[in-house]
1. On the given criteria, is A:V144 out of contact with any Ser or Thr (no Cβ under 8 Å at 6 or more places or on another chain) and surrounded by fewer than 23 Cβ atoms within 10 Å (Cβ to Cβ)?
2. Go through segment B:187-214 and count every residue that is surrounded by 13 or more Cβ atoms within 10 Å (Cβ to Cβ) and over 22 Å from B:Y158 (Cα atoms).
3. Can you run down the residue pairs with Cβ atoms below 8 Å, 6 or more apart or on separate chains, where the first is in segment B:187-216 and within 14 Å of B:Y175 (Cβ to Cβ) and the partner is of a type in the set (S, T, N, Q) and part of a helix (DSSP H, G or I)?
4. For segment A:116-135, indicate whether the set of residues that are within 14 Å of another protein chain (Cβ to nearest Cβ), over 19 Å from A:A252 (Cβ atoms) and surrounded by fewer than 17 Cβ atoms within 10 Å (Cβ to Cβ) is non-empty.
5. Scan segment B:223-233 for residues that are within 31 Å of the chain's Cα centre (by Cα) and more than 13 Å from chain A (Cβ to nearest Cβ) and jot them down.
6. Has segment A:165-188 got at least one residue that is touching a Gly at 6+ places or on another chain (Cβ under 7 Å) and of a type in the set (F, W, Y)?
7. Away from chain A (no Cβ under 12 Å) and either of a type in the set (S, T, N, Q) or touching a Ser or Thr at 6+ places or on another chain (Cβ under 8 Å) (or both): is that true of B:L244 in this structure?
8. Got a sec? Which of B:Q250, B:Q324, B:Q269 is surrounded by fewer than 21 Cβ atoms within 10 Å (Cβ to Cβ) and assigned by TED's automatic domain parsing to the domain that holds B:R168?
Number of protein chains: 2
Amino acid sequence: MKKSINAYDVAKKAGVSQSTVSRVLNDYQFIKKETKEKVLKAIEELEFTRDEIARSLANRETRTIGLIVGDITNAFFSESAKVITRIAQENDYNVILCNTNHDEESLVQYIDSLKGQRVDGIIIAGADKDNKKIRELFDQHFPVILYNSIIEHDKANYVAVNNYQGARLAVEHLYELGHRDIGYIAGPEKYVTTHLRNIGFESALTHYNLKLNPNFVYTDEFLYEKVYAFTKKLLRQPERPSCLFVASDQMALAVLDAASSENIEIPSQLSVIGFDNISLAGNSYIGLSTVAQPMKKMARLALENLIVIMERKSNKEVSTLPVQIVLDAEVFSRKTTGVR
Amino acid sequence: MKKSINAYDVAKKAGVSQSTVSRVLNDYQFIKKETKEKVLKAIEELEFTRDEIARSLANRETRTIGLIVGDITNAFFSESAKVITRIAQENDYNVILCNTNHDEESLVQYIDSLKGQRVDGIIIAGADKDNKKIRELFDQHFPVILYNSIIEHDKANYVAVNNYQGARLAVEHLYELGHRDIGYIAGPEKYVTTHLRNIGFESALTHYNLKLNPNFVYTDEFLYEKVYAFTKKLLRQPERPSCLFVASDQMALAVLDAASSENIEIPSQLSVIGFDNISLAGNSYIGLSTVAQPMKKMARLALENLIVIMERKSNKEVSTLPVQIVLDAEVFSRKTTGVR
């Protein structure tokens with residue numbers, strides 16, 4: 001890979017700011033002789049030319065990345081943000097974190113605002129499948145990568161888990177424990193991730209020849225209060241599922257909250273399996289069974305690929321194939337699922 | 001209060017961007033006649049003058065606030081960030097969220113970066129008491145408010161809970177349940193919040209004439225793994241406390257994790273009380289007893305006061321008294337504390 005040329009490295013090596021590098025190259029007169037020498041020496045040592053650096057400055061990078069997440073109070077997003085921020089800092093990038101609360105208008109505003117702040121690239125976690133604004137970014141070759149989201153677009157870059165397979169694994173896990181009356185807290189269909197989980201869930205039911213009671217399915221928004229209210233109502237019915245597959249650990253916490261408030265014992269009276277494997281799921285006191293996303297690996301891949309995309313752009317290289325990575329899911333069986 | 005004059009309101013009313021307002025006022029020639037009329041009409045209707053708006057544009061606000069937090073995976077911070085972002089958006093401010101991982105160098109970098117992006121003001125959650133950079137901001141009259149942090153400085157603005165009283169309430173709660181061997185997961189002393197909790201804790205012990213075993217106290221960093229390892233080791237000792245006061249709910253989760261992994265039953269073998277009242281504490285499945293910070297109220301007060309401070313600055317008003325608000329703490333007794 002061709003080394004990216006940038007004034008940032010020069011500034012860092014010379015121990016000065018990027019603006020100082022710029023002043024030296026523009027022969028600004030009030031600059032100390034020794035500073036000038038330091039900068040020119042750094043350029044030489046890095047095997048750049050004066051012209052290359054001047055050109056890179058004209059198209060200056062901000063070394064800043066935008067990270068847009070759907071809900072920062074969902075530990076899957078906050079833990080991902082923490083990993084992404086740490087790796088970004090190791091690569092000398094700053095991260096601007098934006099929280100949309102799963103609101104599309106807010107997503108559009110943040111994209112505009114980040115572009116206004118001239119970020120070098122954006123990672124978007126929680127994109128709905130038909131989002132026009134994101135399609136535009138891909139059309140414009142703006143450096144963007146989707147994280148735990150997919151958009152069907154031939155230039156779309158994304159890193160995601162295999163949601164279809166993950167949902168199938170959840171059903172398999174419940175089936176093997178003897179469960180036949182499976183309920184499903186799905187969330188809204190407008191995300192490709194939830195859409196693929198839905199297809200995986202249905203295909204597994206067909207595979208095991210199980211029937212789904214439509215009253216056992218939640219397809220409303222990812223709101224704690226709504227999931228809590230739905231679950232409470234469901235568990236008060238005479239006919240109720242023996243287990244629930246919940247499409248995110250965050251929603252699974254709402255389900256456990258509702259079940260406990262109804263004095264329903266977990267897992268003897270209700271088994272619950274989530275999706276994501278937030279760190280709380282592995283907490284021995286809680287022990288939430290779940291379908292794991294390889295979060296740290298996904299975060300690293302998203303960031304490292306974005307860096308490649310940004311460097312390609314900054315070197316005016318023609319972009320090649322999009323980055324489209326799908327990783328395997330895995331079931332972690334803990335305290336909240338048990339034999340029927 | 002004098003109404004703040006700004007081009008943003010004009011832009012919004014006219015349905016154009018702030019740059020368009022600027023172009024109109026600078027008699028830019030390639031502007032549509034109807035656009036120009038819309039802008040001038042908006043200025044008139046808002047009872048501003050052309051000059052006022054032109055002046056406000058010269059000192060243009062970005063309508064952006066920086067929010068720096070110590071650890072975004074700590075639900076106290078992510079939940080606060082969510083509330084602050086929502087209220088900010090209601091007031092037409094964007095929020096740039098920065099996660100320092102309790103790293104001072106990172107805090108300094110973020111402050112510089114936010115100033116570089118010309119934010120109108122900054123909210124800092126998780127400031128160590130001796131931070132020079134933050135003192136500088138107050139010296140420079142830059143609009144800053146500390147959230148759940150205190151710095152002793154005559155111009156410091158902050159909104160915090162009464163940490164001293166909160167720690168006393170925790171000890172009182174444990175004492176009334178019959179506990180006499182109290183352990184304390186304190187965290188590092190370098191924050192004024194933890195410092196005040198320490199003083200409150202000690203004063204309550206003195207009040208109840210209790211002795212503290214120094215082996216029962218953790219004063220290392222706010223790191224999950226470290227708190228987990230300390231607790232596991234502590235609980236394996238022949239002499240161990242009957243209860244733990246933990247200075248944050250995030251650390252209390254690590255304590256519960258460690259205790260459960262040692263097959264220690266909560267609360268019959270160990271009572272645990274946290275601090276913060278993150279939403280998970282109120283989850284019926286978890287039921288963490290805790291000392292509550294009035295988080296929503298604190299978030300609202302921090303943001304609303306910051307807006308007043310920013311408007312004062314933008315109108316070149318001389319700043320008056322600093323904002324120094326301390327709110328009462330409250331104990332929530334749930335499943336993790338029981339009678340000795």
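1. Against the criterion (out of contact with any Ser or Thr (no Cβ under 8 Å at 6 or more places or on another chain) and surrounded by fewer than 23 Cβ atoms within 10 Å (Cβ to Cβ)), A:V144 does not qualify.
2. 9
3. B:G200/B:N163; B:G200/B:Q165
4. Among the residues of segment A:116-135, at least one is within 14 Å of another protein chain (Cβ to nearest Cβ), over 19 Å from A:A252 (Cβ atoms) and surrounded by fewer than 17 Cβ atoms within 10 Å (Cβ to Cβ), which makes the answer yes.
5. B:K226, B:A229, B:F230
6. Looking through segment A:165-188, none of the residues is touching a Gly at 6+ places or on another chain (Cβ under 7 Å) and of a type in the set (F, W, Y).
7. yes
8. Details: B:Q250 fails: surrounded by fewer than 21 Cβ atoms within 10 Å (Cβ to Cβ); B:Q324 fails: assigned by TED's automatic domain parsing to the domain that holds B:R168.
Testing whether each residue is surrounded by fewer than 21 Cβ atoms within 10 Å (Cβ to Cβ) and assigned by TED's automatic domain parsing to the domain that holds B:R168 leaves just B:Q269.
The values are calculated or read from the model by the stated rules, or taken from the named source; none is laboratory data. Since the model is a prediction, treat every value here as computed from it, not as a measurement. Reconstructed Cβ throughout: ideal geometry from the backbone, glycine too, with neighbour counts over all protein chains shown.
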